[in-house]
Amino acid sequence: MVVIIIIALIVIIGAGVLVAIGLRNPQSTQDDTELIARLEEFAQRGEQVDLEKIEMAQPFTERVIYPIARKLGEIAIRFTPQNALQSINRKLELAGSPGNIDPTIFLAGQFIMAGVFGGLMLLVFTFGRMSWSPALKLILGLGLTVLGFFFPELYIRSKISRRQREVRKAMPDALDLLTICVEAGLGFDAAMAKVSEKWQTDLSLMFARVIREVQLGKLRREALRDMADRIGIPELTSFVAAVIQSELLGVSMARVLRVQSDQMRVKRRQHAEEEAHKAPLKMLIPMALLIFPALMVTLLSPAALRLIRSDVLSALVP
């Protein structure tokens with residue numbers, strides 16, 4: 001029981017660290033705003049800017065934790081194959097770069113979490129009163145160390161699935177608004193701008209990024225293909241292919257968007273039905289482990305008490 005509690009505490013600590021890293025981006029944006037406001041205040045007063053004072057005003061994580069993690073990640077990158085680095089870059093891109101994490105921070109996080117998991121288990125085995133064999137302690141310690149190493153990757157995979165699920169859910173409504181805007185006389189870029197102004201979702205942010213890339217001189221079809229690659233779901237890939245094909249062949253954009261919107265809505269309904277069919281199987285495990293035992297105890301306890309009392313009475317009465 002003690003070991004289970006300790007493992008749960010280790011997992012909670014690791015999750016807290018990853019959540020702190022994931023929340024780094026909004027916090028860093030706020031800190032940058034405060035830093036700019038402080039510099040403007042110094043400039044208005046005509047005072048000399050003290051860089052050391054401004055640097056010490058930054059949070060402890062930005063001054064100490066992230067530079068150390070970055071150094072550890074740079075060391076790990078030297079011994080990491082190029083294919084593994086490309087895979088990490090791809091996963092971070094699909095996850096939307098949570099907290100502006102780069103491969104150096106990701107690799108450092110893997111080794112830090114492995115050290116945290118392994119170190120805590122070493123402390124437990126050293127100061128605990130468990131009479132386990134050395135082989136069992138070694139296996140459990142190595143297993144938790146490996147779990148800590150892959151803990152950041154599990155976090156990134158969960159972010160990828162969550163982001164893709166939100167994009168898939170938002171696509172039909174976004175395409176409806178795109179269709180209405182195009183039918184009203186707006187161009188495709190202006191319609192995407194309206195979608196990005198209407199909602200603050202991952203899909204609208206991707207539309208806003210496409211607009212910025214087009215304004216900087218990138219071809220629209222290349223920007224759309226890059227957007228589909230950054231999200232990695234078949235629905236968005238087919239939508240981008242249809243838009244590019246309609247642009248090349250001169251087909252009516254409003255008609256293509258209308259057809260794509262209807263198809264996305266059907267796919268979203270089919271995906272919801274698929275998840276609904278999976279629900280009974282997912283409910284089976286908690287029902288078998290948690291609900292059924294409590295139900296059996298509640299129903300069979302009176303009968304068991306009666307049987308015990310009847311046996312006692314029959315033993316007492318000759």
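First measure r as the distance between the Cβ atoms of Glu166 and Ala76, then evaluate 1/(1 + (r/R0)^6) with R0 = 22 Å and state the FRET efficiency to the nearest 0.05. For R0 = 22 Å, the calculated efficiency reads 0.10.
Considering only Phe207, Met264, Val251, the residue lying farthest towards the positive end of the dipole of segment 166-270 is Met264, judged by Cα position with unit charges set on Cβ.
Hey, with R₀ at 45 Å, roughly what FRET efficiency would Asn100 and Ser133 work out to, going by the Cβ-Cβ distance, to 0.05? The partial results should precede the final answer.
Numbers: r = 46 Å, r/R0 = 1.01.
The formula returns an efficiency of 0.50 here.
If the segment from Leu284 to Trp199 were pulled out straight at 0.36 nm per residue, it would be longer than the present Cα-Cα gap by 26.8 nm. Along the charge dipole of segment 181-251, Cβ charges K/R +1 and D/E -1, which of Gly232, Leu219, Leu186 sits furthest on the positive end? Value: Leu219. Averaging the Cα positions of each part gives two centres, and for segment 92-164 and segment 193-212 these lie 35 Å apart. Inter-label distance, Leu122 to Leu186: 5.9 nm, where each label sits 7 Å from its Cα along the C-beta direction.
Remark: the Cα gyration tensor places segment 166-270 in the rounded category, a/c being less than 1.5.
Can you bin segment 233-293 into rounded, prolate or oblate? Criterion: square roots of the alpha carbon gyration tensor eigenvalues sorted a ≥ b ≥ c, rounded for a/c under 1.5, prolate for a/b above b/c, oblate for the rest.
Values: a/c = 8.80, a/b = 4.27, b/c = 2.06.
Cα axes put segment 233-293 in the prolate bin.
Approximating the spin labels as points 7 Å out from Cα along Cα→Cβ, the Lys91-to-Ile233 distance works out to 2.1 nm.
Show me 217-225, 166-174 ranked by packing, highest mean number of other Cβ atoms within 10 Å first. Let's see the in-between values first.
Numbers: 217-225: 15.2, 166-174: 19.1.
Top of the packing list down: 166-174, 217-225.
Exposure proxy for Met296, Met253: other Cβ atoms within 10 Å of each Cβ, ordered fewest to most, give Met296, Met253. Among the chymotrypsin sites (Phe, Trp or Tyr not before Pro) in segment 86-177, those placed in a DSSP loop whose Cβ has at most 16 other Cβ atoms within 10 Å are Trp132. Measuring against 20 Å, Cα to Cα, the residue pairs Lys169/Lys198; Lys169/Lys278; Lys71/Lys159; Lys91/Lys159; Lys169/Lys267 contain Lys71/Lys159 as the ones spanning a longer distance.
Throughout, read-outs are computed from the coordinates displayed, never taken from laboratory work. As the structure is a computational prediction, the values presented were derived from the model and not from experiment. All Cβ positions, glycine included, derive from the backbone under ideal geometry; neighbour counts span all protein chains shown.
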